Amino acid sequence: MYFLQKLLDNATALTILLAFFGYLATAWSAKMLARRKDKLEHVNRRLNEFYGPLYVASQAGNIAYRSLLKKQGKTQSFPILDSEMKEWMLWMTTIFMPLNDVREKIIIEKAYLIVEEQMPQCLLDFVTHVVGYKAVLAKWAEKDYSERRSTIGWPPEFDAYVERSYAALKAQQTHLLHSSLWRLWQRLVHGKGH
């Protein structure tokens with residue numbers, strides 16, 4: 001009888017101990033999954049509201065720019081010849097500046113979503129480039145064609161920065177979405193089988 005009582009006491013203690021460790025493991029797992037979920041939401045927000053639209057607008061601008069150069073049989077737009085001015089103005093006002101305006105708005109209004117702690121210089125340089133073109137287009141509207149380009153040049157590192165940041169965030173998003181722990185959590189909590 002004593003042996004049976006001791007065995008039951010040990011079994012009770014073991015059950016309590018296992019339940020306690022199970023609770024700790026569950027709490028730790030839930031905390032880690034919550035962190036992962038928060039991180040994924042933040043990455044998604046950066047992609048959806050900042051780097052994704054910036055990337056798409058930049059790619060579209062680059063494709064359009066190369067298309068214009070190809071049409072003109074040139075490798076760069078500078079210098080803009082008098083014979084090219086009408087077409088340059090058309091492309092600037094209908095394609096390039098609308099895309100620039102989209103990118104400028106994203107940078108100004110969503111700057112809190114940038115990955116770095118401080119604003120990258122290439123983003124500031126891009127905004128000042130666009131501001132310079134706004135002055136040029138205002139002159140064109142008044143029939144003053146003395147300036148053909150922004151006095152503030154295109155920041156050469158802008159496109160590389162946007163592409164690199166977009167790719168890094170997409171990789172991070174993919175990693176967060178496809179981890180086995182995340183898929184298990186989704187199955188358990190939401191019944192989703194990814």
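Where a number appears in this text, it was derived from the coordinates with a stated rule and is not lab data. Just so we're clear, the structure is a prediction, and the values are computed from it rather than from any experiment. FYI the Cβ positions are ideal-geometry reconstructions off the backbone, even for glycines, and counts take in every protein chain you see.
In order along the stretch 45-53, the Karplus-derived 3J(HN,Hα) couplings, from 6.51 cos²θ - 1.76 cosθ + 1.60 at θ = phi - 60°, round to 5, 4, 5, 6, 9, 10, 5, x, x Hz, and Gly and Pro are given as x. By the rule of a C-alpha distance below 24 Å, with chain neighbours fewer than 8 residues away ignored, the lysines paired with Lys39 are Lys31, Lys110, Lys170, Lys192. The phi torsions of the stretch 63-77, fed into the Karplus equation with coefficients 6.51, -1.76 and 1.60 and a -60° offset, translate into couplings of 5, 5, 4, 5, 5, 5, 4, 4, 4, 8, x, 10, 9, 8, 7 Hz, rounded to whole numbers, with Gly and Pro shown as x. For Thr93 and Glu157, what is the calculated FRET efficiency with R₀ set at 22 Å and r taken between the beta-carbons, to the nearest 0.05? E between Thr93 and Glu157, to the nearest 0.05, is 0.25. A full extension of the chain between Leu81 and Arg35 corresponds to an added length of 10.9 nm, given 0.36 nm per residue minus the alpha carbon distance. With θ taken as phi - 60° and the coefficients 6.51, -1.76 and 1.60, list the Karplus ³J(HN,Hα) couplings across the stretch 119-131 in order, rounded to whole Hz; mark glycine and proline as x. For the stretch 119-131, the Karplus-derived couplings read 4, x, 4, 5, 6, 5, 5, 5, 4, 5, 4, 5, 4 Hz, x marking Gly and Pro. Ranked for footprinting exposure by Cβ neighbours inside 10 Å, fewest first, Thr93, Thr12 give Thr12, Thr93. Binning the alpha carbon pair distances of the stretch 74-142 at 5 angstrom intervals from zero yields the distribution 3, 14, 21, 21, 16, 11, 8, 4, 1, 0, expressed in whole percent.
Taking the Cα centre of the stretch 65-194 as reference, the dipole from Cβ charges on Lys and Arg (+1) and Asp and Glu (-1) amounts to some 660 debye. The aspartates and glutamates within cross-link reach of Lys71, meaning a Cα-to-Cα straight distance under 15 Å and a gap of 8 or more places when in the same chain, are Glu84, Glu87. One quarter of the convex hull surface built on the alpha carbon atoms of the stretch 68-194 amounts to 11.5 nm², the projected area averaged over directions. Annotation for the stretch 44-151: GluC sites (Glu not before Pro) lying in DSSP loop with at most 10 further Cβ atoms inside 10 Å of their Cβ are Glu116, Glu117, Glu142.
Residues Tyr145, Tyr166, arranged from fewest to most other Cβ atoms within 10 angstrom of their Cβ, appear as Tyr145, Tyr166.
The Cα-based radius of gyration of the stretch 22-77, divided by its Kirkwood radius, gives an Rg/Rh of 1.50.
Between Ala19 and Leu188, the FRET efficiency from the beta-carbon distance, with R0 = 25 Å, is close to 0.85.
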